Amino acid sequence: MATETLTKSGNGKGSKDAAEQALAALPRPVAAYTPDTSPVREDVDLKDRTLWLCRMPYGGSRMLAAAFCSIGLDTRVTPDEDARTLELGAKYTSGDECYPQRIVLGDYLKLVEDQKLDPRKTAFLLPTANGPCRFGQYVGLLRRVLDEQGYGDVEILSFTSADGYAGIGEQAGELIRTAWRAVIVQDILMKLLLMTRPYETEPGITDRVYLECLDIMGEIVARREVSHKERMVALKAGLRRCKEKFAAIPVKRENRPLIGVVGEIFCRLNTFANNDLIRRIEAQGGECWLAGVGEWVWYTNAEAFRRHREEKRRFRKEWLKTFLTARVMHKDEKALLEDFREVFAKRPEPHIHELLDYARPYLPQEGAMGEMVLSTGGAIYLYRQGADGIVDISPFTCMNGIVTEAIYPRVSKDHDNIPIRVFYFDGTNSDLERDVGIFLELARTYKRRKRVTRA
């Protein structure tokens, strides 16, 4: 391919026409998938198939699976990840893919290769997304690997609003609202778990109560042929039962450093991906405040409004749909959190616009996208809530993690030099106990001299 231009004295300065011809001869970059070019078929038939979900986190996937069950789909969560997961994930990837993709690919391949599931009765859920995250583009890789290995009959469902929730059919509206409520339930139970477990006097009791509550709430979410009003009444009653169960757990009074946890959504929520980092922090004397799943859902809603503004589509049909969706989301979230006002008084979740405003001086929403914005805004929010340190959990080579790691020194300097540490994960062994211990010592030192105290 000829891309030469005339030069003067070898300095590369040629005519404008020559430069334009040279640029035109260069290969064009491959465009990201869109609803029209997605490798996910729009005529997915899930009837007589079992739909499998990866763990992000386990409790969240349990709740989402229950939401799918509420519209009559047999939906389950993949088994525990293990060394076989990473073996299969590495076998069919080049090494350039992110760690979450290796885990998800390995988990799904275990089902067809090891458990010998019938491809004609199997479907996998894999989200897609735009923006800087590579994970949203891996649906094509999963499709190619399945086809090449003889599993072409396995269907892939892409749970994204970009294609109108293809494959779900006329029950999409019902599923979406139930799934949102399931997300709120998962975040509530996770918050109760992390606020209680570090202080339990009987090791393991909080985890047992958490699993019991997943059973209680999963059964309610999965109920079929009930109205949204009836389900809300049942969900609130179930959450009150869970609140009582957690309140009954014997705890000890300790003044532990509070560690805020942000980062890439899969890696921070999947305990296998992050080597159970939160539990390790607890074991060495800390308490964690983890950013939940709902944060990302609210971010996608805020992004939809931003696109409407930029494309001057305000007050049109698309804008109105987004507006009404947000109203319903707020209503359901407020109703489910109503009975936890006092319990979460010292752990209030931020409004999405708070995070975007905090991040703006460093990574404005209009110029950056995805978790790098949320992690930066989240770190500042947690500082303002009195956290003693911030941990960012990200996969190795993750662009979001790399960008925020470059931003964090300035964020820390601007906010009383609060300690912020990025923990990268790629499946290899490291001296994690040592690194956690060092970070917690920094957090304890900061805790003794910090200016912003907890409420």
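Read-outs: derived from the displayed coordinates by stated rules, not from any lab. Just so it is clear, the model here is predicted, and its values are computed rather than measured. All Cβ positions, even for glycine, are placed from backbone atoms using ideal geometry, and neighbour counts span all protein chains on display.
Values computed for the structure shown
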{"item": "Kyte-Doolittle at least -0.5, axis length at least 15 Å by Cα - qualifying DSSP helices, the chain", "result": "58-69, 99-113, 172-196, 205-221, 317-337, 371-384, 399-414"}
{"item": "Euclidean distance of C-alpha centroids, the stretch 336-393 and the stretch 207-280, integer Å", "result": "20"}
{"item": "Residues whose placed amide H lies under 5 Å from that of Phe124, excluding near-sequence neighbours", "result": "Trp52, Glu155, Ile156, Leu157"}
{"item": "Local electrostatic count at Ile380 - Lys and Arg +1, Asp and Glu -1, tallied over other residues with Cβ under 15 Å", "result": "-3"}
{"item": "Residue-averaged 222 nm ellipticity for the chain, from DSSP H runs of 4+ at -39500 (n - 2.57), nearest 500", "result": "-16000 deg cm²/dmol"}
{"item": "Size of charge dipole - the chain - debye, nearest 20, with Cβ of Lys, Arg +1 and Asp, Glu -1, no other charges", "result": "1720"}
{"item": "Of Leu211, Ile184, Leu125, farthest towards positive along the dipole that unit charges on Lys, Arg, Asp, Glu beta carbons give the chain", "result": "Ile184"}
{"item": "DSSP-defined antiparallel bridges as percent of all bridges, the chain, nearest 5", "result": "5"}
{"item": "Cα-centre dipole for the stretch 50-165 with unit charges at Cβ (Lys and Arg positive, Asp and Glu negative), debye to 20", "result": "160"}
{"item": "Relative contact order %, the chain, counting alpha carbon pairs below 8 Å whose residues are six or more apart", "result": "15"}
{"item": "In Å, descending, principal axis extents of the Cα set of the chain", "result": "79, 59, 51"}
{"item": "Packing-based ranking, highest mean first, of 81-88, 316-323, 375-382, 66-73 given that Cβ atoms within 10 Å are counted", "result": "375-382, 66-73, 81-88, 316-323"}
{"item": "Listed residue (Ala66, Leu157, Leu53) projecting farthest to the positive dipole end of the stretch 50-165, Cβ model", "result": "Ala66"}
{"item": "Rounded Å value of the spacing that divides the Cα centres of the stretch 427-455 and the stretch 49-63", "result": "32"}
{"item": "Electrostatic dipole magnitude of the stretch 394-455 [Cβ: Lys, Arg +1; Asp, Glu -1; Cα centre; debye, to 20]", "result": "600"}
{"item": "Extension gain, Arg223 back to Arg327 (0.36 nm per residue minus Cα-Cα distance, nm)", "result": "35.0 nm"}
{"item": "Pairwise FRET efficiency - Ser15 versus Ala234, Cβ, R0 = 60 Å, nearest 0.05", "result": "0.25"}
{"item": "Cα-based reach from Lys110 at 24 Å (exclusive), listing lysines while leaving out same-chain residues under 8 positions away", "result": "Lys47, Lys91, Lys121"}
{"item": "Highest to lowest packing among 412-422, 327-337, 221-231, scored as the average C-beta count within 10 Å", "result": "412-422, 327-337, 221-231"}
{"item": "Per-peptide average of other Cβ atoms within 10 Å, ordering 256-262, 294-300 highest first", "result": "256-262, 294-300"}
{"item": "Label point 7 Å beyond Cα of Asp207 along Cβ direction - residues of the stretch 258-284 with amide nitrogen under 11 Å", "result": "279-280"}
{"item": "Gyration tensor verdict on the stretch 50-165 (Cα atoms; rounded if a/c is under 1.5, prolate if a/b is larger than b/c, oblate otherwise)", "result": "rounded"}
